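What follows is a set of notes on a single structure, which appears directly below.
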Amino acid sequence: MKGYAMLKIGSSGWIEKDRPACGPLDAICKPLALAVCTSDIHTLWEGAIGERHNMILGHEGCAEVVEVGSLVKDFKPGDRVLVPAITPDWNSLEAQSGYSMHSGGMLAGWKFSNFKDGVFGEFFHVNDADGNLAHLPKEINTVDACMLSDMVPTGFHGAELADVQFGDVVLVIGIGPVGLMSVAGSNLRGASRIIGVGTRKVCVEAARGYGATDFISYKDGPIADQVMEMTGGKGVDKVIIAGGGVETFSEAVKALKPGGKIGNVNYLGSGNMIDIPRAEWGVGMGHKLINGGLMPGGRLRMEKLGALVAAGKLDLSPLSTHVFDGFEHIEEALFLMRDKPAELIKPVVKLSD
Ligand code: NAD
Ligand code: ZN
């Protein structure tokens, strides 16, 4: 089969590989639509997870099942499925302790285009099919379905990690596709005021649609100073970090009220240390919680998030700004994500409606 692969750090191209084998609990799928992620860019061009040779890229897409193992109960060839980016081993101790995304080791629930070939192939392998796949609701088109692999579950996890509650004032640092879904997740959880950090027109418009009420630019000075000015010196209840680098943590701590919580879903691709400002952290006694996590996968969560979209409570159409027709356009979509023109949110490659 054909796949689009990372040949080595900084170099990518089409390769031929054997079709993956199906174990008793697994499924083999063929993509219906695929999306490129900022993480593919970190992996391929920044070497963020280290060297990989001839590894098929991609972890976002929806698919049709073509083969299932003898022990798979709820899926069969021909089924159309949502595919989460994170596919844990559900019988692991980490999953039993509530941290399935770390099954087998830190972040090891992330398998596609990390420990095995990703989804940018004519076929791809899904471990633990009954635990990881979810049936694709008929109300969701294949392009929107790709946003359920990673953007929705990750952005919403930011709102969970920050523990957004009714009436909270929430600051969302970075309003790319993940941050936009953090805005939407905070809004659904009942935030009153949502301050987005970002200026790109396409993102600001989408963020407003998802419930953001105010905007600031990190280019206009320190984020925390601007937040303090906007909130009469009080700060915000919650911060979600979905963009920037290690330096955003100090701004987040400074912008937070005592007792506030930070949820980070940003992938820190460089830098050694994160600074926590001593005085604004209440000299160690400010009850300001910092929490960061990889998105949870799992069928139940995918079904619930899919149900929100199918019920019309979450419109994913503003995210897919660039849609290509045909598998052969993956390279173009990947390069577009790397170059990030101002009007881009997500590039998607559609193989089928
Ligand atoms: P993105 O690059 O499209 O969005 C990040 C946004 O942050 C951009 O719009 C950028 O302009 C903005 N930004 C840059 N510097 C900033 C700063 N100093 N302050 C505020 N904003 C700043 O990326 P994305 O696809 O939205 O993903 C966001 C992050 O989440 C990435 O690092 C991605 O790798 C990561 N991610 C994490 C998970 C997870 O499970 N935790 C899953 C998927 C992606
Ligand atoms: Zn992704």
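Quick notes on this structure:
- Output for the range 225-256, where each listed residue is in a helix (DSSP H, G or I), in contact (Cβ under 8 Å) with a residue 40 or more places away in the chain and of a type in the set (G, A, S): A252, A255
- Of all residues in the range 291-323, those being more than 27 Å from D89 (Cα to Cα) and within 12 Å of ligand 1 (Cβ to nearest atom) number 2.
- Tally, over the range 87-115, of residues that are more than 22 Å from L305 (Cα to Cα) and touching a residue at least 40 places away in the same chain (Cβ under 8 Å): 2
- The set of residues in the range 8-51 being within 16 Å of ligand 1 (Cβ to nearest atom) and either closer than 18 Å to D79 by Cβ or outside any helix (DSSP H, G or I) (or both) consists of L34, A35, V36, C37, E46, G47, A48, I49, G50.
- Taken together, the criteria exclude E328 from residues that are over 22 Å from E64 (Cα atoms) and of a type in the set (D, E, K, R).
- Of the strands (runs of 3 or more DSSP E) that lie entirely inside the range 257-353, those containing 3 or more residues that are closer than 29 Å to G235 by Cβ span 289-292.
- Some residue of the range 76-86 being assigned to a strand (DSSP E or B), touching a residue at least 24 places away in the same chain (Cβ under 8 Å) and away from ligand 2 (no atom under 16 Å from the Cβ): yes
- Top-ranked residue of the range 6-52 - restricted to ones that are more than 16 Å from ligand 2 (Cβ to nearest atom) and modelled with pLDDT under 95, ranked as surrounded by the most Cβ atoms within 10 Å (Cβ to Cβ): G47
- Condition met for A108 (in a helix (DSSP H, G or I) and more than 15 Å from ligand 2 (Cβ to nearest atom)): no
- When the range 258-271 is filtered for residues that are on the phi < 0 side of the Ramachandran plot and either assigned by TED's automatic domain parsing to the domain that holds I41 or in contact (Cβ under 8 Å) with a residue 24 or more places away in the chain (or both), the ones remaining, listed by number, are P258, G260, K261, I262, G263, N264, V265, N266, Y267, G269, S270.
- Scanning the range 108-157 for residues that are among the small types (G, A, S) and in contact with a helix residue (DSSP H, G or I) (Cβ under 7 Å, 6 or more places away or on another chain) yields A108, G109, S113, G131, A134, G155.
The rows are residues; the columns are (1) β-branched (V, I, T); (2) under 23 Å from A333 (Cβ atoms); (3) within 16 Å of ligand 1 (Cβ to nearest atom).
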| position | (1), (2), (3) |
| --- | --- |
| V72 | yes, no, no |
| P77 | no, no, no |
| Q96 | no, no, no |
| F123 | no, yes, no |
| G131 | no, no, no |
| P137 | no, no, no |
| I140 | yes, yes, no |
| L148 | no, yes, yes |
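The values are calculated or read from the model by the stated rules, or taken from the named source; none is laboratory data. Here the structure is a predicted model, which is why all the values come from computation and not from measurement. Note that each Cβ is placed from the backbone with ideal geometry, even for glycine, and that neighbours are counted across all protein chains shown.
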